[in-house]
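Novice: Before I ask anything, let me first share the structure, which is written out below as structure tokens.
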Amino acid sequence: MRKLTYFVGMSLDGYIAAPDGAIDAFEVNEAFAKWLATDYPETLPTHARPYFGVPADAPNVHFDTLVMGRGTYEPALQVGITSPYGHVRQYIVSTTLGTIDDPAVELVESDPVGLVQRLKREDGKDIWLAGGGKFAAQLMDEIDELVIKSYPVVLGDGVKAFADNFRPTHFELVKRENFDAGEQVSWFRRRA
């Protein structure tokens with residue numbers, strides 16, 4: 001069965017974005033960018049892949065399917081990009097978006113848990129939960145793995161990694177990788 005992995009960048013104080021949704025406080029140095037391009041190329045937006053040296057036809061390593069909420073999808077729409085991750089199957093979960101005028105992106109207006117359960121039963125690579133915090137909280141019971149890219153910055157306020165859902169859920173550390181500029185990537189799996 002496929003896993004749902006919350007692969008997300010996070011500040012030291014647990015925020016995945018600024019209050020306005022911006023992520024520019026998460027500085028990506030050359031070594032970290034190279035790691036992303038090599039180990040998780042499918043998590044780079046299609047239009048940004050050339051800047052990271054990722055060929056358009058680069059194979060997906062971990063994920064072939066993406067689920068995200070409206071807040072995570074909205075920045076792409078604001079710059080006219082309707083299919084930000086054209087190299088994976090894209091599902092946008094929103095009750096307020098209305099329509100998406102792109103056949104490569106499927107709008108899901110209800111039952112995100114049912115969507116993920118159905119996707120897990122399909123063949124393929126794992127499923128990437130790209131965010132946001134409220135959406136991740138809704139899917140807490142379905143998250144099998146966390147891959148947290150921790151950046152050495154404190155935001156003080158913003159979008160929480162898991163918003164509005166006090167429900168202690170235990171994960172165990174599987175692996176951690178440190179980078180010279182202070183970034184850290186930690187892999188956690190749900191504790192049995």
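Novice: Could you figure out which of (1) under 21 Å from residue 5 (Cβ atoms); (2) in a loop (DSSP other than H, G, I, E, B); (3) out of contact with any Pro (no Cβ under 9 Å at 6 or more places or on another chain) isn't true of residue 84?
Specialist: Every condition holds for residue 84 apart from (3).
Novice: Select from region 60-81 the residues that are assigned to a loop (DSSP other than H, G, I, E, B) and in contact with a helix residue (DSSP H, G or I) (Cβ under 8 Å, 6 or more places away or on another chain) and write down the one among them that is nearest to residue 138 (Cα to Cα).
Specialist: Restricting to residues being assigned to a loop (DSSP other than H, G, I, E, B) and in contact with a helix residue (DSSP H, G or I) (Cβ under 8 Å, 6 or more places away or on another chain), the top hit is 62.
Novice: Scan 57, 64, 24 and give me the residue that is among the acidic types (Asp, Glu) and touching a residue at least 40 places away in the same chain (Cβ under 8 Å).
Specialist: 64
Matching residues to (1) hydroxyl-bearing (Ser, Thr, Tyr); (2) out of contact with any strand residue (DSSP E or B) (no Cβ under 9 Å at 6 or more places or on another chain); (3) crowded, with 16+ Cβ neighbours inside 10 Å; (4) more than 21 Å from residue 105 (Cβ to Cβ):
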site	(1), (2), (3), (4)
3	no, no, yes, yes
53	no, yes, no, yes
62	no, no, yes, no
72	yes, no, yes, no
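Novice: Residues of region 145-171 being assigned to a loop (DSSP other than H, G, I, E, B) and surrounded by 18 or more Cβ atoms within 10 Å (Cβ to Cβ), which ones?
Specialist: Listed by number, the residues that qualify are 151, 155, 158, 161, 162.
Novice: Among the residues of region 87-108, which ones are within 19 Å of residue 126 (Cβ to Cβ) and either in a strand (DSSP E or B) or free of Cβ contacts under 8 Å to residues at least 12 places away in the same chain (or both)?
Specialist: Result: 89, 90, 91, 92, 93, 106, 108.
Novice: When you check residue 93 against the structure, is it of a type in the set (A, V, I, L, M, F, W, C) and surrounded by fewer than 16 Cβ atoms within 10 Å (Cβ to Cβ), yes or no?
Specialist: no
Bear in mind that the values in this text are calculations on the coordinates, not laboratory data. Bear in mind the structure is a predicted one, so any value in this text is a computation, not a measurement. So basically every Cβ, Gly included, is an ideal-geometry build from the backbone, and we count neighbours across all protein chains shown.
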